[in-house]
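We did not get these values from a lab; they are worked out from the coordinates using the rules stated. Predicted model, so just to flag it, every value in this text is computed and none were measured. Here the Cβ is made from the backbone with ideal geometry for all residues, glycine too, and neighbour counts use every protein chain on show.
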Amino acid sequence: MHKLRQVIQRLNLICARSDEPVLDVATRMSEEQVGALPIIDDGELVGIFSERDLMTRVLVAGRDARSTRISEVMTRNVITAGLDDSVETCVDKMRDAGCRHLPVIQGGRVIAMLSMRDLLRDEIEEQTEEIRHLRAYIHQVPSEV
């Protein structure tokens, strides 16, 4: 099973500040096709803003996305991952917390945002490689007839 070091190599970090309007952040999320952003103020992780936050704390609550600041509607108790966490550990964290995104922290700084999709993609790639190796092994061993 891979560690996060292998998974996050291809990820590009996109983040927001807590003083930004919800509409600006939601627009950025749509343009970048991401489901959540870490909220970082002065280099420190202060929260996360997800599609679920947008739906439940802004739209359903009847708030104005132009005037509401991210700090008013973001999730503050953020579950994070470290570079040495395994993919399995991260899946367990997401399942236990009921979330689909984890900021990855190194040296107290957010270096990547990990989604369940990233973890599943890595797992599929790992299984595909294992199947490829098993097939190669099977075809190399002479069959006894």
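Overview of values
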read-out	value
Rounded to 5, the percent of DSSP beta bridges in the chain classed as antiparallel	85 percent
Amide H partners (placed H, <5 Å) of ALA112, local residues excluded	VAL104
In order through the stretch 64-74: 3J(HN,Hα) via Karplus (6.51 cos²θ - 1.76 cosθ + 1.60), integer Hz, x for Gly, Pro	7, 5, 6, 9, 7, 8, 3, 4, 7, 10, 6
Derived scalar couplings ³J(HN,Hα) [the stretch 104-121; Karplus, 6.51 cos²θ - 1.76 cosθ + 1.60; whole Hz; x for Gly, Pro]	9, 10, 9, x, x, 10, 6, 10, 6, 10, 9, 10, 4, 4, 4, 5, 5, 4
Amide hydrogen neighbours beyond the local backbone of ASP85, cut-off 5 Å, H modeled	LEU4
Theoretical FRET efficiency, 1/(1+(r/R0)^6), r = Cβ-Cβ of GLU129 and SER30, R0 25 Å, to 0.05	0.15
Within-13-Å neighbourhood charge of ILE14 [Cβ basis; K, R +1; D, E -1]	-2
Coordinate range along principal axes, alpha carbons of the chain, Å, largest first	76, 32, 27
Size of electric dipole in the stretch 4-140: Cβ of Lys, Arg +1 and of Asp, Glu -1, about Cα centre, debye, nearest 20	240 debye
Selected from ARG52, ARG135, ARG95 as most flexible by GNM, with the chain as the system and alpha-carbon contacts under 10 Å	ARG135
